[in-house]
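Participant: Let me give you the structure first, and then I'll get to my questions.
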Amino acid sequence: MAHLKILHLSHDSLPDWRVEKAAISALKNSHEVAFAGKYQNGSDKKTFSKIYNVVWTAKARFGIPFYWHSVKKQLESIIRQARPDIVHAHNIFSAKMISEFDIPFVYDDHEYWPLQARLLKEIANQPTLGKQETIHSVFDLPKRIRRKFINSYAIHLWTNWEKEVVSSAPTITVSDKLAEGIRVTGNSNKVFIVPNFPMTFETENLKQPHIQSMLSSVYAGSDGLNKQKIPNRNIDGITEIFVNKNIGRFTIIGWEGSPSDKITYSGLLSRQSMFLEMLKHSIGLIPFKKHWSHVFVNPNKAYEYAHAGLFVMCTASLKSIKETLKDNCMMFEDYDELASQLEYLRDHMEELYAKRIKTFEFARSNLVWEKYENNIFRAYQLC
C-alpha cells in the first residue's frame, strides 16, 4: 500500500488506546497519522504528527443543525490543513460527520451505537434512590419527561446514522457478534474485525505465571463503581462474597477504598503497572450481573487477564468472552455459583495452575493486536 496520510477523527479525547493502537500500526507501515478530537493535556504527540482540537457538544451529537454545522466548520478547516488521504472515523458521530465530506473514510465502530443508545435510555430511566432524590424527582418531572423523549429520539437517530454509514463505508469493529449485527444492517462485504487485544510490546516481557499457595482473585476497572450509571457493569455485592466466604483474597484495580484482611484496592494504575499487579494473582474476574446487552459486550480486561496468566471467570451472559477464550474461561450464573467454583479452585491449586499456564500460552499465540491489524489496511484499500 502506498504511503498514506491518515486522520483519526473522534468526538472524544486522547488517551484512547484503540485509536492509538490503530495509529501505531499505521506508523509501522510507513504511513503518517494525525488526530482530530477533543483536546486534552497530555495527549500523545509522539504517535501523532499533529493533534487538532474539535469541540463537540451534546447538541451536535444529537444532530441539531446549528451545533452540527459548528463542528462541521471546524472539521473543514482541519481537513484543509491536514489534507488526509483517508479519515479513520471512530464511533458514529465522527463517521456521520465525515460522510458529509467528499473524502474516503472507514468507520471504526467501538460501541455499536443502536445498542449504546438503548443503554443510555435505560440509564436515564433508572429510578432515583433515597428520600431526598425522590423529592427532587417530583419537581424534576418535566425535565425527566423531556429527557425520556430525547433518549427515544437518540435511539432512532443513531440507529439511522449507523445504517447510513455502514451501508456505504468499510467498517471495523471489535468482535464477531458486533460484526454480525453490522452485516445485518446492510454491509456484508466490508466489515472487518479487529479485537481490542493488547499489542505485543505490552505483554512480551510478562513471564510465565508461578504457582501460588493461596487463592487470590483480581478485578480490573473503575467501571463497576456506579451500577446506577453503568447497569450492564453492575458488580454490586462482589466484595461481600469474599468477606463472608473462605474463597481467598480479592484485589480491585482502579478503585480507591479501605482495605481489609481479604479486600485490597490498588487505585488507578498505568497499563504496565496493571499487568504487574495482575501477575500477583491466580484468577481474573468479570462478575457483571446479567444484562440484556451482554450479548454484544466483549470487555478488554478478559484478554489482559489471560496475558497475565490469570484464569478467567465471568458471568454466563458474557458469551463473547467464552467464544474467544474457549476452555480458558469458566462461566457462572450468579455469585453463589461463583463462590462455589472458587471454593473448588481453592482446594485444587495445582489444577488451577495448569489452567493458568494454558491460558497464558493461548493468549500469547492468539490474543494479540498484530494478528488482526492487517484488517485495518484491508478496510483502507476498499475506501
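Participant: Of the peptides 331-337, 365-371, 173-179, how do they stack up when ordered by the mean number of other Cβ atoms within 10 Å, highest first? Could you put the intermediate results ahead of the total?
Facilitator: Numbers: 331-337: 14.6, 365-371: 17.0, 173-179: 20.3.
So the peptides 331-337, 365-371, 173-179, ranked by packing, come out 173-179, 365-371, 331-337.
Participant: May I ask you to list the aspartates and glutamates whose Cα is less than 12 Å away from that of residue 301, ignoring any residue fewer than eight positions away on the same chain?
Facilitator: Answer for residue 301, where 12 Å is the Cα cut-off: 223, listed by chain and number.
Participant: Moving on. Counting each DSSP H run of 4 or more residues in the chain as -39500 (n - 2.57), what helix-only mean residue ellipticity at 222 nm follows after dividing by all residues, to the nearest 500 deg cm²/dmol? Show your work: numbers first, answer last.
Facilitator: On the way: 16 runs with 172 residues, N = 383.
Counting only the DSSP helices, I get -13500 deg cm²/dmol.
Participant: Within region 353-380, what residues put their amide N at less than 20 Å from the label point 7 Å along the Cα-to-Cβ vector of residue 327?
Facilitator: Residues passing the 20 Å test: 353-367.
Participant: Sticking with this structure for a sec: How long are the three semi-axes of the equivalent ellipsoid for the chain, computed from the Cα gyration tensor as the root of 5 times each eigenvalue, in whole Å, largest first?
Facilitator: Values: eigenvalues 268, 152, 67 Å².
They are 37, 28, 18 Å, listed from largest to smallest.
Participant: Over region 1-91, with a single point scatterer placed on each C-alpha, what log10 of the ratio I(q)/I(0) does the Debye formula yield at q = 0.14, 0.26 1/Å?
Facilitator: With no solvent term, the Cα-only Debye profile gives -0.48, -1.37.
Participant: I would also like to ask the following. Treat each spin label as a single point 7 Å out from the Cα along the C-beta direction, and report the residue 188 to residue 55 distance in nm.
Facilitator: 4.6 nm
Participant: Springs between alpha-carbon atoms under 10 Å, Gaussian network over the chain: tell me which of 282, 320, 258 tops the mean-square fluctuations.
Facilitator: It is 258.
Participant: Tell me, what ³J(HN,Hα) does each residue in region 71-79 have, in order and in whole Hz, if you take phi through Karplus 6.51 cos²θ - 1.76 cosθ + 1.60 with θ = phi - 60° and put x for Gly and Pro?
Facilitator: 5, 4, 5, 4, 5, 4, 5, 5, 5
Participant: What ³J(HN,Hα) values, in whole Hz, does the Karplus curve 6.51 cos²θ - 1.76 cosθ + 1.60 give for region 188-199 when θ = phi - 60°, with x put for Gly and Pro?
Facilitator: In residue order, the calculated couplings are 7, 9, 10, 10, 10, 9, 10, x, 7, 7, x, 7 Hz.
Participant: Kindly state, to the nearest 0.05, the FRET efficiency for residue 334 paired with residue 199, given R0 = 35 Å and r defined as their beta-carbon distance.
Facilitator: Values: r = 35 Å, r/R0 = 1.00.
Once rounded, the FRET efficiency stands at 0.50.
Participant: Kindly put 329, 314, 383 in sequence by how many other C-beta atoms sit within 10 Å of each C-beta, fewest to most. Intermediate values should be presented prior to the final figure.
Facilitator: Numbers: 329 22, 314 26, 383 16.
Fewest to most other Cβ atoms nearby, the residues stand as 383, 329, 314.
Participant: How far, in nm, would the chain grow between residue 214 and residue 243 when pulled straight, counting 0.36 nm per residue and subtracting the alpha carbon separation? Working shown, then result.
Facilitator: Values: separation 29, 0.36 × 29 = 10.44 nm, distance 1.56 nm.
My answer for the length gained is 8.9 nm.
Participant: Further question: Collect residues whose amide H, placed 1.01 Å from N in the peptide plane, falls under 5 Å from the amide H of residue 315; neighbours closer than 5 in sequence don't count.
Facilitator: Result for residue 315 returns 286, 288, 332.
Participant: Taking the Cα centre of the chain as origin, work out the dipole magnitude from +1 charges on Lys and Arg Cβ and -1 charges on Asp and Glu Cβ, in debye rounded to 20. Display every interim value, and only then the final one.
Facilitator: On the way: 49 positive and 41 negative charges, 214 e Å.
Rounded to the nearest 20 debye, it is 1020 debye.
Participant: If each of residue 39 and residue 273 carries a label point 7 Å out from its Cα toward its Cβ, how far apart are those two points in nm?
Facilitator: That separation, rounded to one decimal, is 2.8 nm.
Participant: Only loop residues by DSSP count here, and only those with at most 15 other Cβ atoms within 10 Å; note down the trypsin sites (Lys or Arg not before Pro) in region 44-105 that meet that. Walk me through the intermediate numbers first.
Facilitator: Numbers: sites: 45, 46, 50, 59, 61, 72, 73, 80, 96; in loops: 45, 46, 50.
Passing sites in region 44-105 are 45, 46, 50.
Participant: In terms of the Cα gyration tensor, with a ≥ b ≥ c the square roots of its eigenvalues, is region 200-366 rounded because a/c is under 1.5, prolate because a/b exceeds b/c, or oblate?
Facilitator: Working: a/c = 1.22, a/b = 1.14, b/c = 1.07.
Rounded is the answer for region 200-366, as its axis ratio a/c remains below 1.5.
Participant: Using only Cα atoms and rounding to the nearest 10 degrees, what angle (0 to 90) does helix 176-185 make with the longest principal axis of the chain?
Facilitator: It is inclined by approximately 30 degrees.
Participant: Using 0.36 nm times the number of residues separating residue 46 and residue 29, minus their current alpha carbon distance, what extension gain do you get?
Facilitator: Values: separation 17, 0.36 × 17 = 6.12 nm, distance 1.61 nm.
4.5 nm is the gain from fully extending residue 46 to residue 29.
Participant: Among the lysines, which fall within straight-line cross-link reach of residue 190, defined as a Cα-Cα distance under 24 Å, with same-chain neighbours fewer than 8 residues apart omitted?
Facilitator: 5, 21, 28, 96, 163, 177, 371
All of the numbers you see were taken from the coordinates with simple rules; none came from a lab. Since the model is a prediction, treat every value here as computed from it, not as a measurement. We place every Cβ from the backbone using ideal geometry, glycine too, and count neighbours over all the protein chains shown.
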